[in-house]
Amino acid sequence: METENKIIKITRNFSATPEEVFDTFTKPENMRVWWTDQTTFDIDPRVGGKWTIVRKEGDTTYTAIGEYLEVERPHRLKYTYAMPQFSPNSDTITIDIESDGKGGSVMTYTHEGPDVVEELASVKEGAMSESEKGWRKGFDLMESAFKTKSHPSG
């Protein structure tokens, strides 16, 4: 993670093609591998398209919303990310995906904006923010699904 710029940056290798990785961020049937069955998706993955993800956890409902800024399947996805119940701000997430030349891919995830800056400011040096922990857990779930090939392809 880059702390000097107050962004979260994670680079991850996956045993899946760039197309499979990209689709895990844009197709609800593929996104389920790192969300829950109680999650609903309203996704319009085109520049200017809006997205909403609603997840229930016990008695709490979490809503994330945003707009797609760049959609270049399978190599780049950039979108705004907001959770209005917690903050009026929007952060920006960029996902860059390249082939590793061996049938897999290398993904670089970058999260920047006012909310992540605020979150990172309260994290002790050497510690990991809650957002980074959450994304890393999601990426672990994605990799597990790719290895078992239990995710839909396409």
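Identify, please: which residue in the range 118-140 is among the aliphatic types (A, V, I, L, M) and either over 22 Å from Lys78 (Cβ atoms) or modelled with pLDDT of 95 or more (or both) and is, among those, surrounded by the most Cβ atoms within 10 Å (Cβ to Cβ)?
Filtering first and then ranking leaves Val123.
Criterion first (over 18 Å from Trp135 (Cβ atoms), within 15 Å of the chain's Cα centre (by Cα) and not in a helix (DSSP H, G or I)) does Leu77 satisfy it? Steps first, answer last, please.
Values: over 18 Å from Trp135 (Cβ atoms): no; within 15 Å of the chain's Cα centre (by Cα): yes; not in a helix (DSSP H, G or I): yes.
Considered against the rule, which asks whether it is over 18 Å from Trp135 (Cβ atoms), within 15 Å of the chain's Cα centre (by Cα) and not in a helix (DSSP H, G or I), Leu77 comes out as no.
From Glu143, Glu125, Glu118, Glu130, which residue is of a type in the set (Asp, Glu) and either touching a strand residue (DSSP E or B) at 6+ places or on another chain (Cβ under 8 Å) or closer than 23 Å to Gly49 by Cβ (or both)?
Of Glu143, Glu125, Glu118, Glu130, the one residue that is of a type in the set (Asp, Glu) and either touching a strand residue (DSSP E or B) at 6+ places or on another chain (Cβ under 8 Å) or closer than 23 Å to Gly49 by Cβ (or both) is Glu143.
Considering only residues of the range 68-98 that are touching a strand residue (DSSP E or B) at 6+ places or on another chain (Cβ under 6 Å) and among the hydroxyl-bearing types (Ser, Thr, Tyr), which is nearest to Lys6 (Cα to Cα)?
Thr92
Inside the range 33-47, can you point out the residues that are touching a strand residue (DSSP E or B) at 6+ places or on another chain (Cβ under 7 Å) and either of a type in the set (Val, Ile, Thr) or under 27 Å from Thr17 (Cα atoms) (or both)?
Within the range 33-47, Trp35, Thr36, Thr39, Thr40, Phe41, Asp42, Ile43, Asp44, Pro45, Arg46, Val47 qualify.
When you go through Ile65, Ile95 one by one, which is the residue that is aliphatic (A, V, I, L, M), modelled with pLDDT of 95 or more and either on the phi > 0 side of the Ramachandran plot or out of contact with any Ser or Thr (no Cβ under 7 Å at 6 or more places or on another chain) (or both)?
Being aliphatic (A, V, I, L, M), modelled with pLDDT of 95 or more and either on the phi > 0 side of the Ramachandran plot or out of contact with any Ser or Thr (no Cβ under 7 Å at 6 or more places or on another chain) (or both) holds for just one of Ile65, Ile95, which is Ile95.
For the structure I just gave you, tell me whether Asp115 is in a helix (DSSP H, G or I), surrounded by fewer than 16 Cβ atoms within 10 Å (Cβ to Cβ) and acidic (Asp, Glu).
No, not satisfied.
Name the residues in the range 107-128 that are polar (S, T, N, Q) and more than 22 Å from Asn13 (Cβ to Cβ), would you?
Within the range 107-128, just Ser122 meets the criteria.
Would you pick out the residues in the range 83-106 that are closer than 18 Å to Thr11 by Cα and not hydroxyl-bearing (Ser, Thr, Tyr)?
Across the range 83-106, the qualifying residues are Ile93, Ile95, Asp96, Ile97, Glu98, Asp100, Gly101, Lys102, Gly103, Gly104, Val106.
The values are calculated or read from the model by the stated rules, or taken from the named source; none is laboratory data. Everything numeric in this text was worked out from a predicted model, so none of it was measured. Cβ sites come from the backbone with ideal geometry, for glycine too, and all protein chains shown count toward neighbours.
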